[in-house]
Amino acid sequence: MALERIRDLEQVYKSTDGRIVEWRSPHGDWYRYERDRGAVGPEIESQNGMRRWEWYVLDKNDLTSAKRKVFGLINENEL
């Protein structure tokens, strides 16, 4: 199930300083934005049980660009 609008993103975490934001896709996959890294990415499976991310560097490091990239990744991965 793909998302129709960016505002349909389900935000599940935001750090108090706003440097880290996480969303969950309709299928339950997690996506993360780290402002200090300037990147977003989906969580990938790890053999040792720790959370790992596949990073995509943003052209413009802001929350709007991060949401657009996550929206695109979700629709690409879930279609």
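Restricting to segment 4-36, and then to whatever is of a type in the set (Lys, Arg) and under 12 Å from the mean Cα position of the chain (by Cα), can you tell me which residue is modelled with the lowest pLDDT? Break it down into steps so the answer makes sense when it comes.
Here is the first cut: in segment 4-36, the ones of a type in the set (Lys, Arg) are 5, 7, 14, 19, 24, 32, 35.
Next, from what is left, pick out any that are under 12 Å from the mean Cα position of the chain (by Cα): 14, 24, 32, 35.
Details: Lys14: 97, Arg24: 94, Arg32: 97, Arg35: 97.
By that ranking, first place goes to Arg24.
How about segment 17-44: which of its residues are over 16 Å from Asp62 (Cα atoms) and assigned to a loop (DSSP other than H, G, I, E, B)?
First, the residues of segment 17-44 that are over 16 Å from Asp62 (Cα atoms): 24-30, 42-44.
Within segment 17-44, Ser25, Pro26, His27, Gly28, Asp29 qualify.
Provide a single number: the residues in segment 21-79 that are closer than 16 Å to Leu3 by Cβ, exposed (fewer than 11 other Cβ atoms within 10 Å of the Cβ) and among the charged types (D, E, K, R).
Of the residues in that region, 1 qualify.
Here's a check for you: in segment 57-79, which residue that is in contact with a helix residue (DSSP H, G or I) (Cβ under 8 Å, 6 or more places away or on another chain) and free of Cβ contacts under 8 Å to residues at least 60 places away in the same chain is farthest from Gly18 (Cα to Cα)? I'd like the intermediate steps shown before the answer.
Keep residues of segment 57-79 that are in contact with a helix residue (DSSP H, G or I) (Cβ under 8 Å, 6 or more places away or on another chain), which gives 58-59, 67-68, 71.
Next, from what is left, pick out any that are free of Cβ contacts under 8 Å to residues at least 60 places away in the same chain: 58-59.
On the way: Leu58: 17, Asp59: 19 Å.
Only one residue tops the list, namely Asp59.
List pairs: first residue in segment 30-56 and over 19 Å from Lys69 (Cβ atoms) and of a type outside the set (Lys, Arg), second residue modelled with pLDDT of 90 or more and assigned to a strand (DSSP E or B) anywhere in the structure, Cβ distance under 7 angstrom, at least six positions apart or on different chains.
Sorted first by the residue in segment 30-56, then by its partner, the pairs are Ser46/Arg52.
For Met50, all conditions in the list (1) modelled with pLDDT of 90 or more; (2) in a loop (DSSP other than H, G, I, E, B) hold save one; what is the number of the exception?
Of the numbered conditions (1) modelled with pLDDT of 90 or more; (2) in a loop (DSSP other than H, G, I, E, B), the odd one out for Met50 is (1).
For segment 1-29, what are the residues that are of a type in the set (Gly, Ala, Ser) and touching a residue at least 60 places away in the same chain (Cβ under 8 Å)? Break it down stepwise before answering.
Pass one, segment 1-29, residues of a type in the set (Gly, Ala, Ser): 2, 15, 18, 25, 28.
Selection gives Ala2 alone.
Rundown of residues vs (1) outside any strand (DSSP E or B); (2) of a type in the set (Gly, Ala, Ser); (3) under 19 Å from Tyr13 (Cβ atoms), yes/no style:
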residue: Ser46; (1), (2), (3): yes, yes, yes
residue: Asp59; (1), (2), (3): yes, no, no
residue: Thr64; (1), (2), (3): yes, no, yes
residue: Lys69; (1), (2), (3): yes, no, yes
residue: Gly72; (1), (2), (3): yes, yes, no
residue: Asn77; (1), (2), (3): yes, no, no
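The values are calculated or read from the model by the stated rules, or taken from the named source; none is laboratory data. Please read these numbers as outputs of a predicted model, since none were measured by experiment. Glycine gets a Cβ as well: all are built from the backbone with ideal geometry, and neighbour counts include every protein chain shown.
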